[in-house]
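The values are calculated or read from the model by the stated rules, or taken from the named source; none is laboratory data. Nothing here was measured: the structure is a model prediction, and the numbers come from that model. Please note: Cβ atoms are built from the backbone with ideal geometry, for glycine as well, and neighbour counts cover all protein chains shown. To get the accessible areas, we keep the full protein, side chains included, count just its heavy atoms, and leave off ligands, DNA and RNA. Shrake-Rupley method; radii C 1.70, N 1.55, O 1.52, S 1.80 Å.
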Amino acid sequence: MAKRVHQPREDAEFDFILGMSGVPVLAYFTGTWPKAVEPCRAMDLVVGDIADEYTGRLTVVRTDITRCPSATKRYGITGAPSYVLLKEGEVVAHGTGLKTIAEVREFLDGHL
């Protein structure tokens, strides 16, 4: 995982990161149950590259669903991998499933 990806250990830390970000936030939700592990690991690589590529324009937060249950519920996350793009704390886009880096770029560029 890229150094530029924040990994909160609990909901309070998740909220702190969102509050401190002066740029849009890509909150990427992961899971550790058997069906989620492989797709989430693959997305970790994509998200890490995105964090590096969008440095200064985007804050990336890798959020474990079990560690941040309030954030998971707040954004209506029901599976992993899932992601939410936030601007000034408001959801502007969301998506689910394993994506290529090109698909994530397209998703972001349409909203940044």
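In square angstrom, rounded to the nearest 10, how much accessible surface does R57 have for a 1.4 Å probe? Using a 1.4 Å probe on the heavy atoms, I get roughly 120 Å². Rounded to the nearest 20, the Cβ-based charge dipole of the chain about its Cα centre (Lys and Arg +1, Asp and Glu -1) stands at 180 debye. By definition, a body whose alpha carbon gyration tensor gives a ≥ b ≥ c is oblate when a/c is 1.5 or more and a/b is not larger than b/c, and region 17-112 fits this oblate description. When the alpha-carbon atoms of region 64-103 are used, the pair Rg, Dmax equals 10.8, 30 angstrom.
Here the contact order of the chain, divided by its residue count and restricted to Cα pairs under 8 Å and six or more residues apart, works out to 36 percent.
From the helices alone, meaning DSSP H stretches of at least four residues, give me the mean residue ellipticity at 222 nm for the chain, per-run term -39500 (n - 2.57), in deg cm²/dmol to the nearest 500. Computed ellipticity for the chain at 222 nm equals -12000 deg cm²/dmol. Taking all protein chains together, H94, H6 sort by accessible area into H94, H6, largest first [probe 1.4 Å]. Other residues within the sphere of radius under 15 Å centred on the Cβ of R41, judged by their own Cβ, net out at -1 (K and R +1, D and E -1).
Surface exposure of the chain, expressed per residue as accessible area with a 1.4 Å probe, stands at 56 Å².
Solvent-accessible area assigned to carbon and sulfur over the chain amounts to 51 percent, based on a 1.4 Å probe.
Ranked by solvent-accessible area (1.4 Å probe, protein heavy atoms only, all chains present), the residues S70, S21 order from largest to smallest as S70, S21. Counting only DSSP beta bridges with both residues in the chain, the antiparallel share comes to about 60 percent.
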